[in-house]
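Written out below as structure tokens is the structure these notes cover.
Just so you know, all these numbers are worked out from the coordinates, no wet-lab data involved. Computed from a predicted model, the values in this text were never measured in an experiment. Note: ideal-geometry Cβ built from the backbone for every residue, glycine included; neighbour counts use all protein chains shown.
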Amino acid sequence: MHRLWRTPDDPAALVDVLDQEQLDALEDFDVDAVTVAGSPGLWVEGSFRTSDGESAEWCVAASRTTGRLVHFVDSRSAGLLLLIVDKRTYAIGYGQGHRLLSGDEKDRRFGLEFAIRALDPKQVSKLMRRRPGARGRTEVTRMPSGSSIWAFDVSDAYADLVGGAGGKSESLQLSHTRPDRPVPVDGGIGLRIRLATDPDKLVADIRTIAEVLDRERIADLEFADRMRPLQETDTVARLDDDLETMLSSNVDEVGHRLSSVVPMELADTIDDVRAFKVRLNGASRRETEITADNLLNRAHILRTGTRLQSFREGRISAYADENCNHLLGGTKAIEWLEAVTTIDDRHFALVDGHWYEIDTDYQERLRRAVGELLAVRSDLVLPDWQAGQSERTYNENAALDPDLRLVCLDRKGVQDEFHTRWGFEACDLLGPGNELIHVKRASGSSPLSHLFMQACVAIQGLEGSPQARTRFRELVQQHGRGRELPPDFKPTKIVFGILLKAGEEITPRTLFPFSQVALVQAARLLQSARIEVEVRSIHLAKA
């Protein structure tokens, strides 16, 4: 399902939103006006077929291998329903019907906007994202059984452009919804979701989807909607001029700023592609791969000053066979390019044919997240750090004070099925409330990154291994001077005790920038496992 960014006054004009190239690829097709539960629209149907009844591509290879005549003609049916509901146009594809809708007509944020308002952030199963400036890196991370959004490592997602998210929704109520069963949702440019087939119920489902789009974004998912296409026309014009210059250069000159990428719309199907057709300025050429080098070579034969416009008007189509008979999809040629550039200390990226500004409010959001972590405060007491004291000595001495009720487990390895030799260090100190306390003196960000990662490893080990929990209880019994953990012990809290540089209080201002990123990332991962996180400043003892 897609939503169109415009709705014509006359439903008959919906024919203009169809993709002419895809229509030409149909063996035949019909277009009829329809009315569904009082909503006007258009129905399009047809079938894609190999030309002149030729055998499907795989038949040639099978015939050669088996010595038999293998002959099948592929025929793929397509239906597309265009429906105007409450002055908005929606497109529902049946079979291959989604291919009949022009990419220029799609509201490209529709599916993602819905997903980040409907998904349960603890039942996310898919996240698609691109890191501008990372030479076209696109990641599609899947967790089939669903997990917390923070398990997808999104703590530094300020630098990512999210293209899609999937999972389950507990709150969504569609016509088929059962109270005891969450609804699967997969949203990107379009929306994959089960809709009713009864006309009245289908229109009711569409209205429910529209109502969800009017809601506030779910807090844990709002990062996915942070980067939006740039609207400043003067800035866009300057960026386009820079891109025109890049298209007039060679790879050696602009290779660090210009890359070939897979458009978000084709990210799920790119592994099935065997050939491409690149059409620029009316000329078409077959390619086996799309690279920045061959796209720039095509750009160089175009007239100076027209190259960017040719890429915006041109098209690259992807095929499932080397003879380019089985079309999988296609987009504007500009969507196969990614560019990064800077204007007046502002950073911009061209993604899927649109300019985005990156890093706009990251520092402020990071400080806010760190501030929230630092605001967590318990009655736990950590002693001052004596001058000249090593980390090992600090932990040992802290455990000697009976009033603090601390157990020193520094350098005491917890062995399990995976950590068989030395084991992992579950904590430096065990707190009076069974808090796992990790201690570090740091004059730079590297030791703290190690500290935060150590805590994540400890939780994963204790959460995932009964053997590790048994061994940990034995260590506490051995070194705790009468202290014992219950048989059903599981950690619930991590405390980071940090002596920062000269012993100053930890704040978003004093904590090293890279350490802030690492801290937030670790905290999100720990919180997704229902582990409370506290950060405590350790001070230097006064002389």
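Amide H to amide H under 5 Å from residue 101: which residues, 5+ apart in sequence or cross-chain, H placed 1.01 Å off N in plane?
19
Highest first, please rank the peptides 458-465, 77-84 by the mean number of other Cβ atoms sitting within 10 Å of their residues.
So the order, starting with the most tightly packed, is 77-84, 458-465.
Would you work out the charge dipole size for the stretch 365-537 about its Cα centre, treating the Cβ of every Lys and Arg as +1 and the Cβ of every Asp and Glu as -1, and quote it to the nearest 20 debye?
440
I need the GluC sites (Glu not before Pro) found in the stretch 311-407, filtered to DSSP loop residues with at most 13 other beta carbons within 10 Å of theirs.
Passing both the DSSP loop test and the Cβ count: 322.
Residues in the stretch 410-450, backbone N under 16 Å from the label point at residue 474 (7 Å along the Cα-to-beta-carbon vector): list them, ranges by number please.
412-426
For residue 171 and residue 368 in the same chain, what is the full-extension length gain: residue separation times 0.36 nm, less their Cα-Cα distance, in nm?
Going from the current span to full extension adds 68.0 nm.
Using only the alpha carbons, work out the radius of gyration and Dmax of the stretch 233-358 in angstrom.
According to the Cα coordinates of the stretch 233-358, Rg and Dmax are 14.5, 47 Å.
For the charge dipole of the chain, defined by +1 on Lys and Arg C-beta atoms and -1 on Asp and Glu C-beta atoms about the Cα centroid, which residue among 343, 434, 282 has the Cα displaced farthest towards the positive pole?
434
Just give me a number: lysine pairs in the chain, eight or more positions apart or cross-chain, with C-alpha atoms less than 27 Å apart.
Summing the qualifying lysine pairs gives 24.
Calculate, in whole percent, how much of the Cα-Cα pair population of the stretch 1-107 lies beyond 17 Å.
57
Please report, in debye to the nearest 20, how large the charge dipole of the stretch 108-227 is about its Cα centre when each Lys and Arg carries +1 at its beta carbon and each Asp and Glu carries -1 there.
Approximately 480 debye in magnitude.
Could you tell me the relative contact order of the stretch 233-358? Use alpha-carbon pairs under 8 Å, at least six residues apart, and round to a whole percent.
27
How much FRET efficiency would the formula 1/(1 + (r/R0)^6) give for residue 483 and residue 446, where r is the Cβ-Cβ distance and R0 is 30 Å, rounded to 0.05?
Computed FRET efficiency for residue 483 and residue 446 comes out at 0.35.
In 10 Å bins starting at zero, report the fraction of Cα pairs in the chain per bin as a rounded %.
So the P(r) values, bin by bin, are 3, 15, 20, 21, 17, 13, 8, 3, 0, 0.
Of 408, 59, how do they rank once you tally other Cβ atoms within 10 Å and put the fewest first?
Result, fewest neighbours first: 59, 408.
Tell me, 128, 453 in order of fewest to most beta-carbon neighbours within 10 Å?
With the fewest neighbours first, 128, 453 line up as 453, 128.
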